[in-house]
1. Report whether or not V130 is out of contact with any Ser or Thr (no Cβ under 6 Å at 6 or more places or on another chain), part of a strand (DSSP E or B) and in the same structural domain as I229 (by TED's automatic domain parsing).
2. Could you list all residues from region 37-70 that are surrounded by 17 or more Cβ atoms within 10 Å (Cβ to Cβ) and β-branched (V, I, T)?
3. Would you mind finding the one in S131, S101 that is touching an Asp or Glu at 6+ places or on another chain (Cβ under 9 Å), polar (S, T, N, Q) and at pLDDT below 95?
4. Within region 46-56, does at least one residue satisfy the condition of being in contact with a Gly (Cβ under 6 Å, 6 or more places away or on another chain), modelled with pLDDT under 95 and assigned to a loop (DSSP other than H, G, I, E, B)?
5. So, of the residues in region 291-326 that are among the polar types (S, T, N, Q) and in contact (Cβ under 8 Å) with a residue 24 or more places away in the chain, which turns out to be nearest to L342 (Cα to Cα)?
6. List every residue pair whose Cβ atoms sit under 7 Å apart, with the two residues 6 or more apart in sequence or on different chains, where the first one lies in region 116-134 and is under 16 Å from P275 (Cα atoms) and the second, anywhere, is small (G, A, S) and in a loop (DSSP other than H, G, I, E, B).
7. What are the residues in region 148-160 that are touching a helix residue (DSSP H, G or I) at 6+ places or on another chain (Cβ under 8 Å) and outside any loop (DSSP other than H, G, I, E, B), if any?
8. Sort through E288, E329 and tell me the only one that's surrounded by 13 or more Cβ atoms within 10 Å (Cβ to Cβ), under 33 Å from the mean Cα position of the chain (by Cα) and charged (D, E, K, R).
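The values are calculated or read from the model by the stated rules, or taken from the named source; none is laboratory data. None of these values were measured; they are calculated from a predicted model. Quick reminder, even Gly has a Cβ in these numbers, built from the backbone with ideal geometry, and neighbours come from all protein chains shown.
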Amino acid sequence: MIATVTHILPLAHIRRARMLPGKGRILARVGQEVNAAYVVAEADLPGSHILVDVRRILGLRRAEQAHRLIERKVGERVEKGDILAQTGGLLPKVIRAPLDSTIVSIQRGQILLEKAGEHFELKAGLNGVVSEVLAERGVVIETHGALIQGVWGNGQINSGMLQFAASQADEEIHRANLDMSLRGSIVVGGFIHKPDALDAAEELPLRGLIVGSISAALIAAAQKCTVPIMVTEGFGQIPMNRAAFRLLKTHEKREVSINTNWNPEIGERPEVVVPLPSQGQTPMDAVEFTVGQTVRILSAPYAGETGTLTAIRPGRVTLPGGLRAQVAEIRLENNQQISLPLTNLDVLE
């Protein structure tokens, strides 16, 4: 059975393609050293369109009737709330612009509005060297170093010195342990359960937060946070797995990059990279489950715990709930032996 791999590697060759959502301008060159927040490319994205059907909204039978009531012309800029069309009389019906836009077409009693496109800036995402330029589309950045991947992030990117606000992997991060000594750092902790931690992270400000878990109730607030937040385990009060916590601890006070973009559809995962002078090997993103691997448990009551895969039972086993699945034997770090379906595991390497 193929296993999803979460990389928690002391040394690896890391190669990342950073791509624009459309054609644009490349601002970096081959051989250039960049940090995570450096803008390597930019693009002016096309605007979205909205169709306002004046004839239907006003209940008119013919398009010509609608055209007589439209008060705007093609090419005209309108702001949200501006009148586009209205009827006469004591109680006129009024159609207003739903957003700031430009009128690009008036046909068949309909107004086509175009919202201005956004200027998009593509950040490097990690500290490294540009190894390849992909004309009008993006760049490839490479580095060697430690790699720690997460399972969720809020889409922000930065770099800074790694510091710890927790001495244990299961220690909560809150306002009281985010003091001025951490200002401008990327901070490691166990979990976030209260919103005051996010408020303090913004106020200091921090350059990043790495935690084992975050309360599901804080997801919306975390997505609005400008501080990069990477979650290594999931939602709730799950301690950071010990392998990740130990590896991060060995690099305390080092300069690291954090990229919390998360897109499961294309396999993009949030990650922290610690650049190192040694050269590593390119890691695999998927492997077969095999005896001897270090695995992480994804479901309660052992969620976030790690152990060694000691055996894979042949065939399928009927579980207490009636489902049949392939089952593995795992020895936890405290030497407890447990059995779990392979689908409840991923591989740490």
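1. Judged against the criteria, V130 is a match.
2. Within region 37-70, V40, V52, V54, I70 qualify.
3. After applying the criteria, what remains is S101.
4. Yes; the residues of region 46-56 include at least one that is in contact with a Gly (Cβ under 6 Å, 6 or more places away or on another chain), modelled with pLDDT under 95 and assigned to a loop (DSSP other than H, G, I, E, B).
5. Ranking the qualifying residues of region 291-326, first place goes to Q326.
6. Going by the 7 Å Cβ cut-off, the qualifying pairs are A124/A36; G125/A36; L126/A36; N127/A36; V129/G31; V130/A28; V130/G31.
7. Answer for region 148-160, where residues must be touching a helix residue (DSSP H, G or I) at 6+ places or on another chain (Cβ under 8 Å) and outside any loop (DSSP other than H, G, I, E, B): just I148.
8. So the residue among E288, E329 that is surrounded by 13 or more Cβ atoms within 10 Å (Cβ to Cβ), under 33 Å from the mean Cα position of the chain (by Cα) and charged (D, E, K, R) is E329.
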